[in-house]
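Enquirer: Would you mind keeping the following structure in view while I ask a few things?
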2 protein chains.
Amino acid sequence: MKIICTRQNLIQGVSTAQRAVSAKNPLPILSGILLTAKDNRLEMHATDLEMGIQCIIPCNVQEEGSVVLPAKYLGDIVRRLPDCSIQFETTQGTNVVIRYGQSEITINGYQAEEFPTLPNIQGKNLLTLPEEELREYLRQILFAASQDENRPVFTGVLMEIFNQQIRLVATDTHRLALKEVKTKEEVSDINVIIPGKTLNELARVIGEADKEVTISLGDNQVIFGMEDTLLISRLIEGQFPNYRQVIPQGYKTRIRVKTKDFLEAVERASLLARVGTQIIRLNIEEEKIVISANTEVGKIHEEVPVYLQGEPMQIAFNALYLIDALRAVITENIYLDMSGPLSPGIIRPIKGEDYLSLVLPVRTV
Amino acid sequence: MKIICTRQNLIQGVSTAQRAVSAKNPLPILSGILLTAKDNRLEMHATDLEMGIQCIIPCNVQEEGSVVLPAKYLGDIVRRLPDCSIQFETTQGTNVVIRYGQSEITINGYQAEEFPTLPNIQGKNLLTLPEEELREYLRQILFAASQDENRPVFTGVLMEIFNQQIRLVATDTHRLALKEVKTKEEVSDINVIIPGKTLNELARVIGEADKEVTISLGDNQVIFGMEDTLLISRLIEGQFPNYRQVIPQGYKTRIRVKTKDFLEAVERASLLARVGTQIIRLNIEEEKIVISANTEVGKIHEEVPVYLQGEPMQIAFNALYLIDALRAVITENIYLDMSGPLSPGIIRPIKGEDYLSLVLPVRTV
């Protein structure tokens with residue numbers, strides 16, 4: 001392998017591929033990035049066997065070939081290279097000399113053949129979405145996915161397509177977020193669970209204006225196709241919980257409140273509640289909501305003006321769950337709908353029926 | 001105590017005073033800030049018994065008094081308060097109610113009488129320096145002070161005044177940095193060791209343009225006076241090492257090199273050398289310096305053009321020490337003076353005789 005490319009392209013490619021490298025992978029070769037030079041382009045592949053990223057950068061190929069280089073060293077080095085044209089050349093099998101100006105670095109690599117075979121990245125093209133929009137949808141729901149690997153289904157996000165309507169749902173059983181989007185294209189119905197970790201990495205890679213992501217489904221895997229990058233991930237097997245029955249229809253108490261005022265008051269209450277269990281109490285009255293917490297450090301009494309429909313109510317929540325939910329909303333005002341002190345609270349934007357998030361209350365004596 | 005003040009003044013005062021609060025202090029009351037309201041101002045005091053900070057903010061005092069509040073909670077809370085006028089009022093002895101808008105937080109505090117008596121902050125006025133200049137001097141030397149508390153003298157910075165010349169010296173025995181400044185005023189000769197930690201905190205507090213710091217000496221203590229802030233610190237007792245005899249007079253080899261090119265090459269070499277002992281080799285030739293390192297990860301060969309006076313030389317350094325020293329220099333070009341592979345290398349700016357830093361070489365087989 002012998003190629004010449006620019007520092008900027010190298011940084012872009014390595015930084016993207018590096019996202020699929022897991023720090024705690026037991027196979028040494030998976031700490032590396034597979035570089036393949038052919039057809040005047042450099043392909044970079046990395047995988048942790050659950051998720052894989054393929055990234056293509058333009059380069060001048062003087063000799064085709066492939067090699068695996070340790071991702072961490074490669075990343076640190078390319079980011080520190082001077083801004084000149086950079087040559088990579090394999091010598092003595094798996095050693096690669098990186099030449100720049102009058103200087104050179106040799107990194108010891110691995111045989112390309114030892115790198116695990118990549119899954120077939122041909123999938124059935126499902127739909128395309130603008131990058132910026134998809135990233136915003138993900139931001140609005142990913143916080144509700146669980147981090148607990150013991151219950152894999154809850155670490156994933158349900159993607160359900162039915163009647164040209166995409167629905168994304170995440171829940172860790174304490175809270176739930178749901179986003180609906182109408183597709184522009186003709187799309188067949190599906191129902192898959194995508195790992196939250198994959199979608200978190202996707203959200204970091206996408207976001208350029210005027211670009212689109214193509215979503216395809218393969219054999220128990222999902223493929224996100226961007227301009228020069230493919231992100232491939234296994235799907236999570238299992239049955240996503242029946243979220244429909246958790247979402248109350250109607251409400252006994254609805255408040256309309258300024259998102260920012262409510263969020264800031266809950267954040268302050270959380271500062272005091274953190275020495276305890278993060279429990280804060282909401283006392284919903286005719287024209288205001290009183291937020292209170294009482295711990296060994298001190299106590300807080302916050303008043304936020306609201307517009308109430310229905311009955312006054314007393315309810316308690318975990319402050320951190322409320323904060324996550326309120327930060328995910330983008331509208332200036334929200335509704336908080338409640339049906340009783342032991343029923344979930346539902347946060348909805350004032351406008352639009354396409355988003356909601358649900359937080360279970362805390363039972364207090 | 002009952003006062004009204006602005007959020008901005010509170011944040012400023014608490015953030016400054018908080019710097020003297022040590023996280024690992026065994027006395028619970030020292031995790032607090034002593035607030036004293038009198039004469040239409042609020043004094044804030046904090047100390048870890050080695051260093052103390054006194055900070056004054058303007059406020060409207062409705063009732064004089066004093067109380068100690070936990071620094072961490074106070075800091076987190078004031079930073080999250082809305083931007084309105086804020087009232088502090090003691091209730092039930094040491095509890096303080098913080099009122100803002102329609103809301104309030106009560107924090108449990110401590111008796112002001114339990115707070116350790118502050119040292120006498122009257123010292124003998126020594127000299128004044130512009131804040132920006134002093135901060136820059138500190139940046140240039142503090143990196144060379146030791147972090148090892150077992151040898152206290154090396155964790156400090158020598159401040160020596162002799163013949164209207166201030167000299168600041170720091171060394172951890174592996175490297176040394178020295179800065180000289182001419183005083184504008186008539187100053188008496190002194191020789192004291194100031195804790196590096198104190199000067200690090202000072203460097204974070206100062207830096208405003210057109211403001212000055214007054215340095216005073218008291219009874220085994222030094223006092224830095226800023227506009228609304230005093231920083232008081234004990235001095236380190238003991239004898240600072242005789243640094244003069246460590247600095248070689250003259251050189252056998254002098255190179256003149258671009259600071260940025262040299263620094264970047266050493267930083268790249270350090271990336272590879274970090275799996276080993278951070279040893280990098282310098283091969284100084286007629287028109288270039290070759291920097292190399294060789295570890296299990298790979299090897300590097302960097303060439304940087306230099307202008308050589310004297311003999312070619314081979315020498316090895318700890319890359320991290322060279323990086324610290326090169327980052328502290330501000331001139332575009334430097335001299336690196338050497339007298340042999342086992343003698344220290346001296347880095348000097350091309351212009352000005354008022355600064356140098358010295359790095360001991362590493363003996364290689």
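Just so it is clear, none of the values below were taken in a lab; they were calculated from the coordinates. The structure displayed is predicted, hence computed values, not measured ones. All Cβ positions, glycine included, derive from the backbone under ideal geometry; neighbour counts span all protein chains shown.
Enquirer: Normalised by the residues of chain A, what does the relative contact order come to in percent, with Cα pairs under 8 Å and at least six apart?
Expert: Computed over chain A, the figure is 13 percent.
Enquirer: Taking C-beta distances below 4.7 angstrom as the pairing criterion, name the unpartnered cysteines of chain A, in sequence order.
Expert: Cysteines of chain A left without a disulfide-compatible partner: A:55, A:84.
Enquirer: Run the reach check for residue A:182 against aspartates and glutamates, Cα to Cα strictly under 17 Å, same-chain hits fewer than 8 apart removed. What comes back?
Expert: Leaving aside aspartates and glutamates fewer than 8 places away in the same chain, those within reach of residue A:182 are A:131, A:132, A:133, A:136, A:160, A:212, A:353, A:354.
Enquirer: Go ahead and run the numbers for FRET between residue A:333 and residue A:149, Cβ-Cβ distance against an R0 of 45 Å, rounding to 0.05.
Expert: Working: r = 37 Å, r/R0 = 0.83.
Rounded to the nearest 0.05, the efficiency is 0.75.
Enquirer: Let me ask something else. How about residue B:351: which aspartates and glutamates have a C-alpha closer than 16 Å to its C-alpha, ignoring those fewer than 8 places off in the same chain?
Expert: Partners found: B:180, B:332, B:337.
Enquirer: If I model a spin label as a point 7 Å beyond the Cα along the Cα-Cβ vector, how far apart are those points for residue B:114 and residue B:285 in nm?
Expert: 7.0 nm
Enquirer: If you don't mind, another one. Please give the peptides B:128-137, B:201-210 ranked by average Cβ packing (other Cβ atoms within 10 Å per residue), highest first, as a rough proxy for protection.
Expert: Taking the mean over residues of other Cβ atoms within 10 Å, the ranking is B:128-137, B:201-210.
Enquirer: Label the protein assembly as shown by shape, choosing from rounded, prolate and oblate, from the square roots a ≥ b ≥ c of the eigenvalues of the Cα gyration tensor; if a/c is under 1.5 it is rounded, and otherwise prolate applies when a/b is larger than b/c, oblate when it is not.
Expert: It comes out oblate by the Cα gyration axes.
Enquirer: Under unit Cβ charges (Lys, Arg +1; Asp, Glu -1), what dipole magnitude, rounded to 20 debye, does the protein assembly as shown have relative to its Cα centre?
Expert: 620 debye
Enquirer: May I ask which of B:179/B:211; A:260/B:211; A:211/A:252; B:124/B:260; A:252/A:299; A:38/A:124 have a Cα-Cα span longer than 32 Å here?
Expert: A:260/B:211; A:211/A:252; B:124/B:260
Enquirer: Select from A:225, A:156, A:310 the residue whose mean-square fluctuation is largest in a Gaussian network model of chain A (Cα-Cα springs shorter than 10 Å).
Expert: Fluctuation is largest for A:310.
Enquirer: How high is the relative contact order of region B:127-223, given as a whole-number percent (alpha carbon pairs under 8 Å, six or more residues apart)?
Expert: So the answer I get is 36 percent.
Enquirer: Mind jotting down the distance between the C-alpha centroids of region B:260-339 and region B:167-235, whole Å?
Expert: With region B:167-235 and region B:260-339 each reduced to a Cα centre, they are spaced 32 Å.
Enquirer: Would you work out which of B:262, B:158, B:106 lies farthest towards the positive end of the dipole of chain B? Charges go on Cβ: Lys and Arg +1, Asp and Glu -1.
Expert: Positive-end residue among those listed: B:262.
Enquirer: Which whole number gives the average count of other chain Cβ atoms within 10 Å of the Cβ atoms across peptide B:293-301?
Expert: 5
Enquirer: Can you list residues from other chains, or at least 5 along the same chain, whose modelled amide H is less than 5 Å from the amide H of residue A:127?
Expert: It is A:215, by chain and number.
Enquirer: Would you mind giving the mean number of other chain beta-carbons within 10 Å of the Cβ of each residue in A:261-274, as a whole number? Could the numbers behind the result be given before it?
Expert: Details: counts 2, 0, 0, 3, 4, 0, 2, 8, 2, 2, 7, 6, 0, 2.
Taking the mean over all residues of the peptide, I get 3.
Enquirer: Spin-label point model (7 Å from Cα, Cβ direction): what's the residue A:239 to residue B:182 distance in nm?
Expert: That separation, rounded to one decimal, is 8.7 nm.
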